[in-house]
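Bear in mind these aren't lab numbers, they're just calculated from the coordinates by the rules spelled out. Please read these numbers as outputs of a predicted model, since none were measured by experiment. Note that each Cβ is placed from the backbone with ideal geometry, even for glycine, and that neighbours are counted across all protein chains shown.
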Amino acid sequence: MTILVTGGAGYIGSHTCLELLQAGHQVLVFDNFSNGHPEALKRIEQLAGRRLTLVRGDIRDQDAVEAALRQHGCTAVVHFAGLKAVGESVEQPLRYYDNNVVGTQRLLAAMHNCGVNTIVFSSSATVYGDPQRLPLAEDHPLSATNPYGRSKLFIEDMLRDLYRANPDWRIAILRYFNPVGAHASGRIGENPLGTPNNLMPFVAQVAIGRRDFLNVWGGDYATADGTGVRDYIHVVDLALGHLKALQRLDVPQCTEINLGTGNGYSVLEVVKAFEVASGRAVPYRVSPRRAGDVAACYADPSYAERFLGWKAQRGLADMCRDHWNWQEQNPEGYV
Ligand code: NAD
Ligand code: UFG
C-alpha cells in the first residue's frame, strides 16, 4: 500500500512513518513544515533503511493533495497535519479553524475526487471535555473547552457525516491521550519550537539545564498528591496503534478508538520517574492552576484491545528513558 501521511514530519507522524516503512508500506509524506522538520524524514529513512517520498504542501491546497494522491497511487491516508497548542487556539481561533477544519475538509474532498476512501484521523481525548466519569470510554459525552478541541470535534463530526452519506468509506478516529517519549534510537523525537507547553518536553529541558525549574500547574487538585493526573502513552506504542487501525480498515466503517494505557500518573510521579531515568535533578515550584486544565484524565483502553488487538507495551520508565535519550542526543532538537 502507498499511504499518504499528512503531517508526517511532525512528532507523532514521524514515528508512525518509521513503523509504516518497517512494516513494508510505501510512504508519501505531505507536510508544509509549519512545525515539522525535514531532518526527521532523513533520519526515518536511515533508521528504516528505505526511502520515503516527500511532497512539501499544505492540506488546504486541494489541487496539490489531489495531484499527490493520483501521481503516487495512494490507497489510504493517515492524517496528522494540524495545529495543536491549546492556548494559541484561544488567542487565534480563526487560524485553528482554517488550518485544522478547512484543511481537513479540503483533504477529504481531494480523497473523494480521487476515489481514496480510507483514512485514519488523529483526534484527541480533548473531545471528552471535562470528564464526567473516569476512565474515559468512547461513549463518554463529547464537548469542547477551547477552539483546538472544537476543531477536533468538528472534524470528528465531519467524518461521521461523511460516512453516513457514503457508507463505503473506511474511517478510524483515534483519540490520543498524552503522547510522550521518543524512538528508542534517540534519532527522532519531539522538537518543540519555543517554550514547550507540554509536561514531558519541559521536564526534559529542565533536566538538561536549558531551564531552571518546572512550574507545576496546581497542587490542590482532588488527586492523591494534589497535582494533575494524565494517561501518558509512549509515542511508539501510539504509532503501532495506527498500523493496527489501518489493518482493521479492510471493511467500511467509522470507528472511534481510544489510544491510551489506562494508567494515570500525577505531575510529581512523572518528575520522579524522569529524575530516575536521567540521573538529573528536576527542580520544581508549585504554581497556581493553569486555566482550562482538568484534575484527572485517563483512558479506558479496552475497546482498542478488543477491536484492534492493540495494547500499549511501554510504561512510564520506558517513556522517560527514551525521552531523555532523545533529549541528551539532541539538546537543541533537530538542527
Ligand atoms: P506536530 O506539530 O509535531 O506535527 C504536525 C505536523 O503537521 C507538522 O509536521 C506540521 O508541519 C504539519 N502541518 C500542520 N499544518 C499543516 C497543513 N496545513 N498542511 C500540511 N502540513 C501541516 O504535532 P503532533 O504532536 O505530531 O500531532 C499530530 C496530530 O496529533 C495533530 O493533529 C494533533 O492535534 C494530534 N494530537 C496530538 C497530541 C499531542 O499531545 N502531541 C495529542 C492528541 C492529538
Ligand atoms: N503541567 C505542569 N507544568 C507544565 C506543563 C504541564 O504542571 O509546564 C501539567 C498540567 O497542568 C497537566 C499535566 O502536566 O496536569 C499534563 O499537561 P500537558 O500540557 O502535557 O498535557 P494536557 O493533558 O494538558 O494536554 C494534552 C494535549 C492537548 C489535549 C489535552 C486534552 O497536549 O493537545 O491533552 O486531551 F488537548
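Under the classification rounded if a/c is under 1.5, otherwise prolate if a/b is larger than b/c and oblate if not, where does segment 198-267 fall, given a ≥ b ≥ c as square roots of the Cα gyration tensor eigenvalues? Oblate shape, in that a/c is at least 1.5 and b/c is the bigger or equal ratio.
Extension gain Arg95-Ser34, at 0.36 nm per residue separation less the Cα-Cα distance, in nm?
20.7 nm
Remark: the Cα gyration tensor places segment 87-164 in the oblate category, a/c being 1.5 or greater and a/b not exceeding b/c.
On C-alpha positions alone, give me the angle between the axis of helix 11-22 and the longest principal axis of the chain, in degrees, nearest 10. Taking Cα atoms only, the helix is inclined about 60 degrees. Between helix 147-165 and the chain there is an angle of about 30 degrees, using the helix long axis and the longest principal axis of the Cα atoms.
If Lys and Arg each add +1 and Asp and Glu each add -1, what is the summed charge of the other residues whose beta carbon sits under 14 Å from the beta carbon of Leu249? Write out the running numbers ahead of the final one.
On the way: positive: Arg170, Lys244, Arg248; negative: Asp168, Asp250, Glu256.
That works out to 0.
Available extension along the chain between Arg210 and Met1 is 71.0 nm, counting 0.36 nm per residue and deducting the alpha carbon span. Backbone amide hydrogens, once placed in the peptide plane, bring Leu259 within less than 5 Å of Arg175, Tyr176, Phe177, excluding anything fewer than 5 places away on its chain. Taking every DSSP bridge with both residues inside the chain, close to 5 percent are antiparallel. According to the calculation over all Cα-Cα pairs in the chain, the P(r) per 20 Å bin from zero is 32, 61, 7 %.
Would segment 10-104 count as rounded, prolate or oblate if I go by the C-alpha gyration tensor, calling it rounded below 1.5 in a/c and otherwise prolate when a/b exceeds b/c, oblate otherwise? In terms of gyration-tensor shape, oblate. Between Gln253 and Ala85, the FRET efficiency from the beta-carbon distance, with R0 = 51 Å, is close to 0.95.
Which of the peptides 299-307, 149-157, 8-16 is most tightly packed, and how do the rest follow, going by the mean number of other Cβ atoms within 10 Å of each residue? It would help to have the intermediate numbers written out before the result.
Numbers: 299-307: 18.2, 149-157: 21.1, 8-16: 27.9.
Result, highest mean Cβ count within 10 Å first: 8-16, 149-157, 299-307.
Using 0.36 nm per residue and subtracting the Cα-Cα separation, the extra length available between Glu269 and Gln313 on full extension is 13.9 nm. Once both labels are positioned 7 Å from their Cα atoms along Cα-to-Cβ, the gap between Gln46 and Glu328 label points is 1.8 nm. Shape analysis of segment 120-264 based on the Cα gyration tensor places the equivalent ellipsoid semi-axes at 30, 20, 14 Å, largest first.
If the viscosity is 1.306 mPa s and the temperature 10 °C, what Stokes-Einstein diffusion coefficient in µm²/s follows for segment 273-329 when Rh is the Kirkwood radius over Cα pairs? Each step should come with its number before you reach the end.
On the way: Rh = 14.6 Å.
It diffuses with D of about 109 µm²/s by this estimate.
Exposure proxy shown here: for Tyr128, Tyr176, Tyr265, the number of other Cβ atoms within 10 Å sets the order, fewest to most, as Tyr176, Tyr265, Tyr128. What is the total of Lys pairs in the chain with C-alpha atoms under 26 Å apart, excluding same-chain pairs fewer than 8 positions apart? Lysine pairs, 8 or more places apart or on different chains, close enough: 9.
Three principal axis extents describe the C-alpha atoms of segment 201-335; from largest down they are 52, 39, 23 Å.
Where Lys and Arg each count +1 and Asp and Glu each count -1, what net charge lies around Asn117 among other residues with Cβ under 13 Å from its Cβ? It would help to have the intermediate numbers written out before the result.
Numbers: positive: Arg170; negative: Asp168, Asp250.
The answer is -1.
When only alpha carbons are used to place a centre, segment 132-147 and segment 314-335 end up 30 Å from one another.
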